[in-house]
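Single-structure report; data block below.
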Amino acid sequence: MTGKKTEHALCRFCHAFCPMVVHFEDDRIVRLIGDKHNPVYHGYSCIKGRNFHEFHYSPDRVRHPLKRTADGKRQTVPASQAFDEIAARLADIIDKHGPRSVAMYTGTFSHFCVGGVMTRHAFMEAIGSPMHFTNATIDQPGKPIAMALHGRWGAGPQAFAESDVCMLVGANPLVSMWGGIPPFNPAKRLHDAKKRGLKLIVVDPRRTECARKADIHLQCLPGHDPEILAAMMQVIIEEELYDKDFVAAETEGFEELRDTVCEFTPEKVAPRAGLIAADIRAAARMFANARKGNVTAGTGSNMAPHGTLMEYLLLSLNTLCGRWVKAGETVPNLGVFFKMFSGIARAEKPRPGFGFGESLRVRGLTNTAAGMPTAALADEILTPGDGQVR
């Protein structure tokens, strides 16, 4: 077919899944733009998504199955032949060494294909192998592990659109997607939210794009996020700014939390973190006194020391202030193919964050709430003996 035409699609470059309009000329993509008629995204797209067709037409793109030959080169083979040969080799490996000898690693891009997500789990379950590794244990594993240890709230966090305060810890969603501000057109959403009165608190060593728009920027030394969160909770508890009704009805361990953070006064934490104690107190009051809001963390604070502890304290701060969707309120997004929350406004008990399931042969590692520890996969391949990944 020749001539010009347009088609509608979704960008799969990241978790935002921006709706796109694809422009063709003579059956070749010549332009990608955001769909301005979409009622949620309003035409937003990023520079990566608008240039995604360069991946599609890249001369380095693998377009067909390739098989390594005896001389080390690669030759193209039909897909049917590749499937048959791979299946035969896998069956032989499983027959000789057991299902555990087959491991799978799936990275970030694999999550953007719903069919692929379901198929990979089904495949590993079908062959009986527990050795499924993903990027989750090397990309902010503290999030799912802390959530498991802390417990979940079935209706999820309060929505940004209804928030009076937003706190970002080591996150800069105006530039790097995900964290606090919805990823579709975050600059406009933050602008509109600030216009209606939203207060923004940023904890970050760098004066990021988000920090420049913050009402309070705690420009701390790197790696002190846990102490800062503990100090904020110390202020909130001491001044009785927390949601007493929510804490009494829906939580356990308040006294233990209170006794733990009582030593982390702003006056003690501020010199270590390179901050002013009054600024920590102001941030704590701003966050606690808001009607609705949320605190979230990004890659920076998760990759610093004690990322899991930081995420646990962050969840505790949200819970202390009742920053969860209550009964009778709207749950903004339950998910479609995979439900992120039950949608029921009630606490779900904590579960183990690690130390369960399959035991690896190296360093005494086990399965975790973030999945099998990917950092140990190379050792599982290289270490000989029973259970070696082939």
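Computed from the coordinates by the stated procedures, all read-outs in this text should not be read as laboratory data. Keep in mind it's a predicted model, so treat the numbers as computed, not measured. So basically every Cβ, Gly included, is an ideal-geometry build from the backbone, and we count neighbours across all protein chains shown.
Sort 132, 42 so the one with the fewest other Cβ atoms within 10 Å of its own Cβ comes first. Walk me through the numbers on the way to the answer.
Numbers: 132 19, 42 14.
So the ranking, lowest neighbour count to highest, is 42, 132.
Specify which residue in the list 97, 70, 153 is farthest towards the positive end of the charge dipole of the chain, using unit charges on the beta carbon of Lys, Arg (+1) and Asp, Glu (-1), about the Cα centre.
70
Mind grabbing the base-10 log of I(q)/I(0) for the stretch 123-273 at q = 0.09 Å⁻¹? Debye formula, identical points on the C-alpha positions, no solvent, two decimal places.
-0.39
Taking H placed 1.01 Å from N in the peptide plane, check which residues at least 5 places from residue 369 or on another chain put their amide H under 5 Å from its amide H.
Counting only residues 5 or more places away or on other chains, the set is 354.
Using Cα-only point scatterers and the Debye equation, what is log10 of I(q)/I(0) for the stretch 4-56 at each q in 0.13, 0.14, 0.21 Å⁻¹, rounded to two decimals?
Relative scattering, expressed as log10 I(q)/I(0), comes to -0.27, -0.31, -0.69.
Quick one: Debye curve from the C-alpha atoms of the stretch 54-110, no solvent, what's log10 I(q)/I(0) at q = 0.19 Å⁻¹?
After summing over all Cα pairs, the log10 values are -0.98.
Relative contact order of the stretch 162-343, please, whole-number percent, based on alpha carbon pairs below 8 angstrom and at least 6 residues apart. Display every interim value, and only then the final one.
Values: 271 pairs, mean separation 52.5, N = 182.
Relative contact order comes out at 29 percent.
Which chymotrypsin sites (Phe, Trp or Tyr not before Pro) in the stretch 288-390 sit in a loop by DSSP (not H, G, I, E or B) and have at most 14 other Cβ atoms within 10 Å of their own Cβ?
Values: sites: 312, 324, 337, 338, 341, 354, 356; in loops: 337, 338, 341.
The qualifying sites are 337, 338.
To the nearest 20 debye, what is the magnitude of the charge dipole of the chain about its Cα centre, counting +1 on the Cβ of each Lys and Arg and -1 on the Cβ of each Asp and Glu?
On the way: 47 positive and 42 negative charges, 268 e Å.
Dipole magnitude for the chain comes out near 1280 debye.
Can you sort 105, 57 by how many other beta carbons sit within 10 Å, fewest first?
Numbers: 105 14, 57 9.
Least to most surrounded, the residues fall as 57, 105.
In whole percent, what relative contact order does the stretch 1-111 give with Cα contacts below 8 Å and a gap of six or more residues?
Details: 135 pairs, mean separation 16.2, N = 111.
Relative contact order for the stretch 1-111 comes out at 15 percent.
Under 23 Å between C-alpha atoms is the cut-off here; go through the stretch 258-390 and count lysine pairs that meet it, provided they're at least eight residues apart or on different chains. Before the final figure, lay out the partial values.
Details: 292/326; 326/339; 326/349; 339/349.
Taking the stretch 258-390 as the scope, the lysine pair count is 4.
Measuring from centroid to centroid over Cα atoms, what is the spacing of the stretch 312-335 and the stretch 134-167 in Å?
9
Taking only C-alpha pairs under 8 Å that are 6+ residues apart, what is the relative contact order of the chain in percent? List each step's numbers first, then the result.
Numbers: 658 pairs, mean separation 76.0, N = 390.
Value for the chain: 19 percent.
Can you put 167, 124 in order, fewest other beta carbons within 10 Å first?
Working: 167 30, 124 18.
The order, fewest Cβ neighbours first, is 124, 167.
Pull out the extension gain between residue 58 and residue 188, defined as 0.36 nm times the separation in residues minus the alpha carbon to alpha carbon distance; nm, one decimal.
Working: separation 130, 0.36 × 130 = 46.80 nm, distance 3.27 nm.
That works out to 43.5 nm of additional length.
At residue 51 and residue 91, where each label point lies 7 Å from the Cα along Cα→Cβ, what is the point-to-point distance in nanometres?
4.6
If amide H atoms are built 1.01 Å from N in the plane of the peptide, which residues on other chains or at least 5 residues away come under 5 Å of the amide H of residue 362?
For residue 362, whose amide H was placed from the backbone, there are no distant partners under 5 Å.
Can you tell me what percent of all Cα-Cα pairs in the stretch 346-388 are more than 15 Å apart? Present the calculation step by step, with values, prior to reporting the outcome.
Numbers: 427 of 903 pairs.
The share of Cα pairs beyond 15 Å in the stretch 346-388 comes to 47 percent.
Could you work out the helix-only [θ] at 222 nm for the chain, with each DSSP H run of four or more residues adding -39,500 (n - 2.57) and the total divided by the number of residues, to the nearest 500 deg cm²/dmol?
The helix-only estimate for the chain comes to -10000 deg cm²/dmol at 222 nm.
Got a sec? Charge dipole of the chain, +1 on Cβ for Lys and Arg, -1 for Asp and Glu; which of 266, 24, 183 is way out at the positive end?
So the residue furthest toward the plus end is 24.
Taking the Cα atoms of the chain alone, what are Rg (to one decimal) and Dmax (as a whole number) in Å?
24.3, 73
Is the shape of the stretch 1-95 best called rounded, prolate or oblate, per the rule: a/c under 1.5 gives rounded, else a/b larger than b/c gives prolate, else oblate, with a ≥ b ≥ c the square roots of the Cα gyration tensor eigenvalues?
On the way: a/c = 3.04, a/b = 2.10, b/c = 1.44.
Judged from the Cα gyration tensor, the stretch 1-95 comes out prolate (a/c at least 1.5, a/b above b/c).
Name the residues whose placed amide hydrogens come within less than 5 Å of the amide hydrogen of residue 324, ignoring near sequence neighbours (fewer than 5 apart) on the same chain.
Here 158 satisfy the definition.
Roughly how many debye, to the nearest 20, is the charge dipole of the stretch 162-343 about its Cα centre, given +1 on each Lys and Arg Cβ, -1 on each Asp and Glu Cβ, and no other charges? Mind dumping the intermediate values first?
Details: 21 positive and 23 negative charges, 216 e Å.
About 1040 debye.
Counting other Cβ atoms within 10 Å, which trypsin sites (Lys or Arg not before Pro) in the stretch 233-338 have at most 12 and lie in a DSSP loop? Could you put the intermediate results ahead of the total?
Details: sites: 244, 258, 268, 272, 281, 285, 291, 292, 323, 326; in loops: 291, 292, 323, 326.
Filter output for the stretch 233-338: 291.
Which trypsin sites (Lys or Arg not before Pro) in the stretch 184-224 pass both tests, a DSSP loop state and at most 14 other beta-carbon atoms within 10 Å?
Details: sites: 188, 189, 194, 195, 196, 199, 206, 207, 212, 213; in loops: 196, 206, 207.
Loop-located and lightly packed - 196, 206, 207.
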